Amino acid sequence: MSDFLFYLFSVVAVAAAIGMILGRNATYSVLLAVVNFAMVAMLYLMLGAPFLAAVQVIVYAGAILVLFLFVVMLMGNDPGPTWEHIPLQRPLGLLFTIALIAGLVPIVALQNVTGPRSGQMMTGDDNPTRLGEALFSGYVLPFEVTSLILLVAIIGAIVLAKRSAYRESRVEHLDVEDETFETAVAD
Amino acid sequence: MDALSPVTTSHYLLVSAVLFSLGVMGVMLRRSAIIVFLCVELMLNAVNLTFVALSRELGSMDGQVVVFFVMTLAAAEVAIGLALIVAIFRTLGSTDVDDVAEMRG
C-alpha cells in the first residue's frame, strides 16, 4: 500500500512538473507547481518528516506560489514568446538536458541505497521536537544568519519597489530624459 | 535496483533526479522569466527531497535542518526575484529574458 502511494505521488509530481514546463499559460504553470509541491510534501510525509511536509505546504504552496500568482496577475499573464528566438538554443538545451538525465539517473539507480541503515528508524511522532533540538543546538549561528538574510530580503524588496516609483515620478517631471531613455530602450 | 521493487531510498533519489533534470530543462528552454524562476524553485525542491531521503537513510536530523534553511532562503529569494521581475516588466514591458540585454556591448 505504501509502495503504491509512493508511485502515485511520484508519477503525479513528475507529470505536474512536465506540464508546468510545457504549459503556455503562466497561471496554469503556477497551479501545476502547487500540485508538484504538494506531492513532494506527501513524499516528505512518507519519509518520516511531517514537520517539513507541513512547512512545505504552508510556505511553498501557501506563500511562495501565491506570490507567483500575484505577479502573474499583475503582469496581465502575457504569454509572449514561449520559446527562444536564438537559433540552436532549443535543440542544444534538449541535448544537454537529455545528457544530464542520462548521467544522473544511472548513477542514482546503481547506488542501490536500501532503507534506514542505523537502528533508530524515524517515526513522525517526535519529529518537530528532534528537528528543533538539532536546529537550536548545532545550527544556532546559521539560524541567526538566516534572520539577517530575511531582513536584507525585506529591505531589498522595499528598495526595489521604491526605486521604480521614484523613476516614474522622475519620468513624469523630466520629459527630455524620458525620451532619451525610451530611445535607448528601443535600440 | 528493479523498477518495481519495494520502495527504497534509491527510488526517492531517482524521483529527485528526474525533478531536478526537468527543472534544468525548463530553465534552458523557456524564455518567460516567471517560468524560469518557477523551474529554479523546482530544482531547489528536488534537492530538498534528496536531503530528506538521505536524512532518513542516515538516521540523522541534519538533512532536515538543511532543508529548513533552504526553504527560508527560497522564500527570501522569491521576494527579491519577483520584485526584480516586476521592476523589469515596468521598465521594458516584457518578461522575456532575451529582452533584458541592455548591458550587451
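Values quoted throughout were computed directly from the atomic coordinates according to the rules given, and no laboratory measurement underlies them. Values in this document were obtained by computation on a predicted structure and should not be read as measured data. Methodologically, a virtual Cβ is constructed for each residue, glycine included, from the backbone with ideal geometry; neighbour enumeration extends over all protein chains shown.
Quick one: net charge around A:P50, please, counting Lys, Arg +1 and Asp, Glu -1 for every other residue with C-beta under 13 Å from its C-beta. Working shown, then result.
Details: positive: A:R130, B:R56; negative: A:D125, A:D126.
Cβ neighbours under 13 Å give a net charge of 0.
What ranking do A:F96, A:F37, A:F68 get, fewest neighbouring Cβ atoms within 10 angstrom at the top?
Numbers: A:F96 13, A:F37 22, A:F68 26.
Going from sparsest to densest Cβ surroundings: A:F96, A:F37, A:F68.
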Fluctuation leader among B:L54, B:L92, B:L13 - chain B, Gaussian network, Cα springs under 10 angstrom: B:L92
Using θ = phi - 60° and Karplus 6.51 cos²θ - 1.76 cosθ + 1.60, couplings along the stretch A:55-60 (whole Hz; Gly, Pro as x): 5, 4, 5, 6, 7, 6
Residue-by-residue Karplus 3J(HN,Hα) for the stretch A:152-160, coefficients 6.51, -1.76, 1.60, Hz, glycine and proline x: 4, 5, 4, 4, x, 4, 5, 4, 4
Helix axis angle, B:33-58 relative to chain B longest principal axis, alpha carbon, degrees: 20
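Quick one: dipole size for chain B, taken about the Cα centre, charges +1 on Lys/Arg Cβ and -1 on Asp/Glu Cβ, in debye to the nearest 20. Please list the in-between numbers first.
On the way: 5 positive and 9 negative charges, 24 e Å.
With only Lys, Arg, Asp and Glu charged at Cβ, the dipole is about 120 debye.
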From phi via Karplus (6.51, -1.76, 1.60), per-residue ³J(HN,Hα) for the stretch B:16-29 in Hz, x at Gly/Pro: 4, 5, 5, 5, 4, 4, 5, x, 4, 4, x, 4, 7, 9
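Using alpha carbons only, what's the Rg to Rh ratio of chain B with Rh from Kirkwood?
Working: Rg = 17.5 Å, Rh = 15.7 Å.
Rounded to two decimals, Rg/Rh equals 1.11.
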Förster radius 22 Å - calculated FRET efficiency between A:A54 and A:V140 (Cβ-Cβ, nearest 0.05): 0.45
Cα-based helix-to-principal-axis angle, B:62-92 vs chain B, degrees rounded to 10: 20
